[in-house]
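Peer 1: My questions will all concern the structure given below.
The values are calculated or read from the model by the stated rules, or taken from the named source; none is laboratory data. All values reported here derive from a predicted model rather than from experimental measurement. No Cβ is skipped: glycine too gets one built from the backbone with ideal geometry, and neighbour counts run over all protein chains shown.
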Amino acid sequence: MTETMSAKSAGASEIADEGVNRSLWGDVRYELARKPLFWVSLMLVLVILTMAFFPQLWASESPNARGACDLANARGKPTWDHPFGYTTAGCDMWSSLVWGTGKSVILAILVTAGTTILGVLLGTAAGYYGGGTDTIISRITDIFFGLPFILGALVFLALFPERNVYTLTLVFVVFGWTSLTRVMRGSVIATKQKDFIDAARALGASDLFIIRKHVIANSIAPVIVLATIALGTYISAEATLTFLGVGYQRPAASWGLLVADGQTLALAGFWHLLVYPCAFIVTTVLAFILLGDVLRDALDPRNR
Amino acid sequence: MTDILSNGHHRAIRTPLDALAFDEDAPLLEVRDLQVEFHTRDGLAHAVNGVSFVLEAGETLGILGESGCGKSVTAQAIMGILDTPPAKIAGGEVRYRGVDLLSLDESVRRHVRANRIAMIFQDALSALNPVFTVGWQLGEPARKHSGASRADARRRAVELLDMVGIPAAKERVSDYPHQFSGGMRQRVMIAMALALEPDVIIADEPTTALDVTVQAQVMDLLAGLQKELQLGLVLITHDMGVVADVADKICVMYAGGAVEQANVYDIYEKPAHPYTKALLESIPRIDQKGQDLTVIKGLPPVLTDRPPGCSFNPRCQYARGNCAHDEPPLYDVPGGRKSACHYWEEVLGS
Amino acid sequence: MSTEMSEQNSKLARADGDVVLQVTDVKKYFPVKKGIVFQRTVGQVQAVDGVSLELRRGETLGVVGESGCGKSTLGRLLMGLERPTSGSIKLNGREIADLKGPELRKMRRNIQIVLQDPYSSLDPRMTVGDIVGEPYHVHPDALAGRDRRTTVQELLDVVGLDPSHVNRYPHQFSGGQRQRIGIARALALKPEIIVCDEPVSALDVSVQAQVVNLFEQLQEEFGLSYVFIAHDLSVVRHISDRVLVMYLGKGVEYGTEAEIYEHPTHPYTQALLSAVSVPDPRLRGHRDHIVLEGDVPSPVDPPSGCRFRTRCWKAEDICATDEPMLVTRDGAAHPSACHFATERDVVHALDRDLRTEGAHMFGRDGDSTASR
Amino acid sequence: MGRYVARRLIQFIPVILGTLFLLHMLSTLTIQIVGDPVRALFGPNAPPQAIIEELQARYNLDDPCLEQTGNPCVGLFVDRIGQYASGDFGVNFRGRSVMEMFLERFPVTARLTVIALAFEIVVGITAGVLAGLKKDKLIDNLVRFTTVVLIAFPVFVFGSLALLLVGLKIGLPLRNSDWAPEWLGQMLNVGYDPDYPWLSLVLPGIVLGAFSLAAIARLTRTSLIENLRSDYVRTARAKGLGARDIVGVHTLRNSLIPVITYIGIDIGFLLGGSLVTEGIFNIPGVGQLVFLAIQANDAPVIIGVVTILTVVFLVSNLVVDILYAALDPRIRYD
């Protein structure tokens, strides 16, 4: 369809593609809309986001409310009224999980926002300006990359006496910015070699103009894909660190803590204490990874 | 050089080829009404739509056309290396010494490749495997098809490099493709095609990626080897100059079909198809100045949406009413030529 | 023959126009850096090494050479995309090599560029209207905002595109049409000079002529001057009034189109021209045929003296020690950088009264293969 | 090749120093901000000042620069590098050498990592190749689905479920039965058994390697598909090679190049994951040492072990890089 345009003086026959006037993002939207997997993962993500920001929509009673939990119900197995059973603290498992969503998801969103901003800024600077700027940023990236995420995060979180969403975000961003920076840098270098950058420079456009109008828009796609997937992996990392004892602290109701509680008791037959929190974590991570995957397929120009 | 090529022990090994009844009196290569289709998102594309030609030993056939006209697909269909799917050979015959290759089983057909028909690709850098040495890749056909030992295969590789004029072949045989210059890499490609002494070479834009002076070196080498070894050469290109220099006969392709076939002198002197004529008038010549370039208006059609009738009719200055619905057959033109134009007489006479 | 003469006369008349672009001994060296931890400069790629040229109003200057000869770097220098290592580039008498900031931007309104690759030279995320209108964003003083849309549509019409397609995206156009969009963008600021870097080499044969003709038509209409950089010698001959041949960063021969093509004196020019095939099989074996040996040497460590001597069949001892300057020597009408510059016709058939029956001979009897 | 290795070795020095400095600087900064871990250890019932000072001296925490927030404490770092070079990575709160404890437990962790690596490489590459060869067929969809799901499982979730469902529900009956061979039961053990130093680590090894297995399978698949489309594969077909040579010789080696790079990064992931796996399966390895130190608030052990693991990670990355060059001549002749 792309080759069938008409040109007045070139005299090509007018072929019926009138009305088909899509931008590249329009193409992506069209590609996505045809994929059932996109709709499934998008729905899941939307459900998870509403749970994170408006838990009362999904479970009317917060487990933190007065009298919401009763130790008499501790570890209570699923019943018809409470199909998810009760936690070790005697709270309803369903509402604990729903109200715990925010803890994980908001952290992951903050971390993703932070790493994406840092990654886009540093990656663009390194890739566009090259030379000394690139050497400095790339060497610093290498050094941060030398410290494996979980190990690095562990050291600092272990030293923090109080761990909340802010300290966790800070540590995650410190150890998480490198991969997005590397991807952005590579993408910017590829974009920079395109002739339209030279064309804009030849017009006399300033670096800032070129970066704003051309470079970022044409380099951001792989970063968006990676950031979506990273959002899922940050949820997983938070749960892991909490499980290890360096993430959220009790009495916060976070998924990682629920799994840690359930892990030993599941062996004693209280399987619901382990399986439900695990299911929540896995579904959430899966939703973001699937969405990222579908986006990658749609954004990849090789698939056109 | 002939010495190297006549040490026939490579062919002593029994291959599935020995079971085929090659008729040495039949044409070396004969393509009849070849049809190739591609299934694409936008529908069925007739990439090759009834191409026929005959090639004899020692002859050079130039297939001339613009990008997307189906010339490369034709070559790959003859070689049997099209990706199927999405491609599908929908009809026709490809006969090598009388044997229809399209009817052969893949396990047999693969022995025809390299042993009898070999191919040279345009971009030698990507056509050579980056992680193996040039010697290893050159020796591979001998090892796999003739059971040569590693040492023999390497010796053979050195001979081949020597033959295509690569200096210090003994040392360079253990270099990797990226260590060669563009022209040298194309020589390696040619050496690889000659490895098993084929009778037919299909060269797909062999010099397009090269600089002019290197282009001349490589074309000289190819033409020299072709003459010396009496190969049948199919030269696929968009460059009308290159074909004029080396081809004996020419097949012009447009939108998947062969629109004109003739002897090289006739076709340049008096084209019998409006497309050929327009092409010749649209390119500037180095030995002339001041000629006006004829513009072929518009664009070649999209293969999934070819105009009815003659596919050139929307761009043709000779087009009449019937061109838009009657698809022209390949008319016989005096002098053993063919033209797919209803008004070939008029074109020829103008 | 007589038409040739009158052709030449008309060219000379045109060539009398004032000089709009004057390049003197311009050099561009790129450092070669090596190092494990800290990079240090170990050598220099002498991409452009002392090139001089003149472009007159309304004239087309062709720059030819093979890949790596520095012609594209020269184009980038003219555009101010690279800063010259040394030398001078004067636009209408003003030195542009040391312009900065607003002055440099102002200068750019006079000199624009058309790039080779029709696919990567247009931002795929912008509409055609935005692309062609971008110059006015960069130079807001060039045109009032309310006039922009109509001006953009006029520009599209000028280059032969349907003005109603302003809201389409580049990927909806063919290669030739995209090149027209690039030309419209270059025209937007009404420049005097357009530097064309391989503008038709990515196009199909049948589309190439459309674009070449458009260039010629625009030149006539707007009095443009072109620097036309290309490796296709036939196209350069067709469009150029004057030609510079480059080899390994140096200009080796410089003259009018007729001087270069009909009377080449530098061995490299001769080899280059003889390597170009002519679409006429009757000339087969009847043209002078020079085949060079070996490859182009590395621009990091070019040969001493004459850079072409390692592949030249005429080379003598002096070529290794004395660098031949690009000057007009005795017995020649135009500058050539060869100690032994002599004329040799390589584009035409050797025997002028070519007989048709002779054309059927196979092979190339006229070979005079170069040897060292 | 020799020059490439030498260059890589020299490049290694600033990276390892930089990473260690980063570790040092961030931990110093944290101590400067939140107070030193000795005080934190005792909580509200602080012992006499003299004891605290003695402890601080023992853990190198008495440097005055630790009081000045923002001071990078370069002097302290130089001292530490000297200690690291002589194999001294500090002592725990009971005075045992961290290096000693590390070496004692390292063989177990090394075995666990080797099992995980072997599992992920063999199964991952096989699955990736099968999927890549049969693109869009049943097997491909199966591999793609399984791997996405595997990636979504955090190690501790997968470990906890494996422990419950496999180790307990399947493994225990097997170990208690008369008919099942001993090795089968041990392979599905819930914990580490020193009598079966390899077998009893199989289940935790699989858990540890599962995530990377999925990543390797996907990477192999993508790069195989890409290589199968490349021009040199077309050349190989034009040479009349059979499918086995085309895939086995011409594409596999090229496709493994990105996989090798991934394995380098993956070692860091495995070391982090071993903390979780060893904690869940109660394996007396380095990970468990950290796991226990976290619970005991023993900061010097955490810092010491993580430092050693970082060095291990960087060294294995170096080895992977050299391996990479062996596979790809374009790199080594750069």
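Peer 1: Taking the criterion of being at negative phi, assigned to a helix (DSSP H, G or I) and in contact with a Gly (Cβ under 8 Å, 6 or more places away or on another chain), would at least one residue in region A:157-164 satisfy it?
Peer 2: Taking region A:157-164 as the starting set, the residues that turn out to be at negative phi are A:157-164.
Within this subset, residues satisfying the condition of being assigned to a helix (DSSP H, G or I) are A:157-159.
When the remaining residues are screened for being in contact with a Gly (Cβ under 8 Å, 6 or more places away or on another chain), the result is A:157.
Yes, region A:157-164 contains a residue that is at negative phi, assigned to a helix (DSSP H, G or I) and in contact with a Gly (Cβ under 8 Å, 6 or more places away or on another chain).
Peer 1: Within region D:224-233, is there a residue that is aliphatic (A, V, I, L, M) and crowded, with 24+ Cβ neighbours inside 10 Å?
Peer 2: Yes, there is a match, as at least one residue in region D:224-233 is aliphatic (A, V, I, L, M) and crowded, with 24+ Cβ neighbours inside 10 Å.
To keep it simple, each residue is scored yes or no on (1) farther than 16 Å from C:Asp232 by Cβ; (2) in contact (Cβ under 8 Å) with a residue 12 or more places away in the chain; (3) surrounded by fewer than 20 Cβ atoms within 10 Å (Cβ to Cβ); (4) assigned by TED's automatic domain parsing to the domain that holds B:Tyr96.
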| position | (1), (2), (3), (4) |
| --- | --- |
| B:Val200 | yes, yes, no, yes |
| B:Val212 | no, no, no, yes |
| B:Ala216 | no, no, no, yes |
| B:Leu231 | yes, yes, no, yes |
| B:Met240 | no, yes, no, yes |
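Peer 1: Based on this model, can you work out whether D:Ile216 counts as surrounded by 24 or more Cβ atoms within 10 Å (Cβ to Cβ), more than 11 Å from every other protein chain (Cβ to nearest Cβ) and either of a type in the set (A, V, I, L, M, F, W, C) or assigned to a helix (DSSP H, G or I) (or both)?
Peer 2: yes
Peer 1: Another one. With the requirement that a residue be outside any helix (DSSP H, G or I), within 19 Å of C:Phe340 (Cα to Cα) and in contact with a Ser or Thr (Cβ under 7 Å, 6 or more places away or on another chain), what does region C:257-288 give you?
Peer 2: Of everything in region C:257-288, those that are outside any helix (DSSP H, G or I), within 19 Å of C:Phe340 (Cα to Cα) and in contact with a Ser or Thr (Cβ under 7 Å, 6 or more places away or on another chain) turn out to be C:Thr265, C:His266, C:Asp288.
Peer 1: Regarding D:Gly75, is this residue part of a helix (DSSP H, G or I) and of a type in the set (Gly, Ala, Ser)?
Peer 2: Here the answer is yes, as D:Gly75 does meet what is asked.
Peer 1: Of all residues in region A:66-81, how many are more than 22 Å from A:Gly256 (Cβ to Cβ), without any contact (Cβ under 8 Å) to a residue 40 or more places away in the chain and assigned to a loop (DSSP other than H, G, I, E, B)?
Peer 2: 6
Peer 1: Here is a further query. Which pairs do you get when a residue that is within 9 Å of chain A (Cβ to nearest Cβ) and over 29 Å from A:Ile220 (Cβ atoms), found in region C:98-127, comes within reach of a residue that is surrounded by fewer than 16 Cβ atoms within 10 Å (Cβ to Cβ) and among the charged types (D, E, K, R), reach meaning Cβ atoms under 9 angstrom, with the pair 6+ apart or on two chains?
Peer 2: Filtered contacts from region C:98-127: C:Met107/C:Arg94; C:Arg109/C:Lys190.
Peer 1: Here is a further query. Name the pairs: first residue in region C:282-297 and within 8 Å of chain B (Cβ to nearest Cβ), second residue assigned to a loop (DSSP other than H, G, I, E, B) and among the β-branched types (Val, Ile, Thr), Cβ to Cβ under 6 Å, at least 6 apart or on different chains?
Peer 2: Close Cβ pairs satisfying both conditions: C:Val291/C:Thr369.
Peer 1: I'd like to verify a number: residues in region C:139-149 that are farther than 14 Å from C:Leu187 by Cα and either within 13 Å of chain A (Cβ to nearest Cβ) or at pLDDT 90 or above (or both), how many?
Peer 2: Looking only at that region, the number is 2.
Peer 1: Now for a separate question. Modelled with pLDDT of 85 or more, in contact with a Gly (Cβ under 8 Å, 6 or more places away or on another chain) and closer than 15 Å to B:Gln35 by Cβ - does that describe any residue in region B:81-92?
Peer 2: Initial filter on region B:81-92 (modelled with pLDDT of 85 or more): B:81-82, B:87-92.
When the remaining residues are screened for being in contact with a Gly (Cβ under 8 Å, 6 or more places away or on another chain), the result is B:92.
Next cut, closer than 15 Å to B:Gln35 by Cβ only: B:92.
Yes, region B:81-92 has at least one match.
Peer 1: Now for a different question. Which of the residues spanning region C:176-208 are more than 17 Å from the chain's Cα centre (by Cα) and at the interface with chain B (Cβ under 9 Å from one of its Cβ atoms)?
Peer 2: Once the filter is applied, which keeps residues that are more than 17 Å from the chain's Cα centre (by Cα) and at the interface with chain B (Cβ under 9 Å from one of its Cβ atoms), region C:176-208 yields C:Gly176, C:Gln177, C:Asp204, C:Val205, C:Ser206, C:Val207.
Peer 1: C:Gly223 versus (1) surrounded by fewer than 22 Cβ atoms within 10 Å (Cβ to Cβ); (2) within 20 Å of C:Gly75 (Cβ to Cβ): which is the lone unmet condition?
Peer 2: Condition (2) is where C:Gly223 drops out.
Peer 1: Separate question: Could you tell me which of the residues C:Tyr247, C:Tyr254 is more than 25 Å from C:Lys190 (Cα to Cα), crowded, with 23+ Cβ neighbours inside 10 Å and within 11 Å of chain B (Cβ to nearest Cβ)?
Peer 2: C:Tyr247
Peer 1: I want to confirm something. Restricting to region D:137-148 and keeping residues that are within 14 Å of chain A (Cβ to nearest Cβ) and over 12 Å from D:Leu213 (Cβ atoms), which single residue is surrounded by the fewest Cβ atoms within 10 Å (Cβ to Cβ)?
Peer 2: Taking region D:137-148 as the starting set, the residues that turn out to be within 14 Å of chain A (Cβ to nearest Cβ) are D:140-141, D:143-148.
Then keep just the ones that are over 12 Å from D:Leu213 (Cβ atoms); that gives D:140-141, D:144-145, D:148.
Values: D:Asp140: 18, D:Asn141: 13, D:Arg144: 19, D:Phe145: 10, D:Val148: 16.
My answer is D:Phe145.
Peer 1: Looking at (1) more than 8 Å from chain C (Cβ to nearest Cβ); (2) touching a residue at least 12 places away in the same chain (Cβ under 8 Å); (3) touching a helix residue (DSSP H, G or I) at 6+ places or on another chain (Cβ under 8 Å); (4) closer than 24 Å to B:Ser72 by Cα, find the lone condition where B:Asn313 falls short.
Peer 2: (2) is the only condition that B:Asn313 fails.
Peer 1: Criterion first (more than 17 Å from D:Val305 (Cβ to Cβ), part of a helix (DSSP H, G or I) and polar (S, T, N, Q)) does D:Gln56 satisfy it?
Peer 2: yes
Peer 1: Can you work out which of the residues in region B:317-350 that are of a type in the set (Phe, Trp, Tyr) and touching a strand residue (DSSP E or B) at 6+ places or on another chain (Cβ under 9 Å) is nearest to B:Ala258 (Cα to Cα)?
Peer 2: This residue is B:Tyr331.
Peer 1: Still on this structure, please answer the following. Tally up the residues in region B:112-131 that are facing chain D (nearest Cβ under 8 Å) and either surrounded by 20 or more Cβ atoms within 10 Å (Cβ to Cβ) or aliphatic (A, V, I, L, M) (or both), please.
Peer 2: 11
Peer 1: Here is a follow-up. Report yes if B:Tyr318 is under 17 Å from C:Val278 (Cα atoms) and aromatic (Phe, Trp, Tyr), otherwise no.
Peer 2: Taking the combined requirement at face value, the residue does not satisfy it.
Peer 1: Which ones in region C:279-324 are over 24 Å from the mean Cα position of the chain (by Cα) and among the hydrophobic types (A, V, I, L, M, F, W, C)?
Peer 2: Residues satisfying the conditions are C:Leu283, C:Trp313, C:Ala315, C:Ile318, C:Cys319, C:Ala320.
Peer 1: With the requirement that a residue be crowded, with 24+ Cβ neighbours inside 10 Å and facing chain A (nearest Cβ under 7 Å), what does region C:150-168 give you?
Peer 2: Answer for region C:150-168, where residues must be crowded, with 24+ Cβ neighbours inside 10 Å and facing chain A (nearest Cβ under 7 Å): just C:Leu161.
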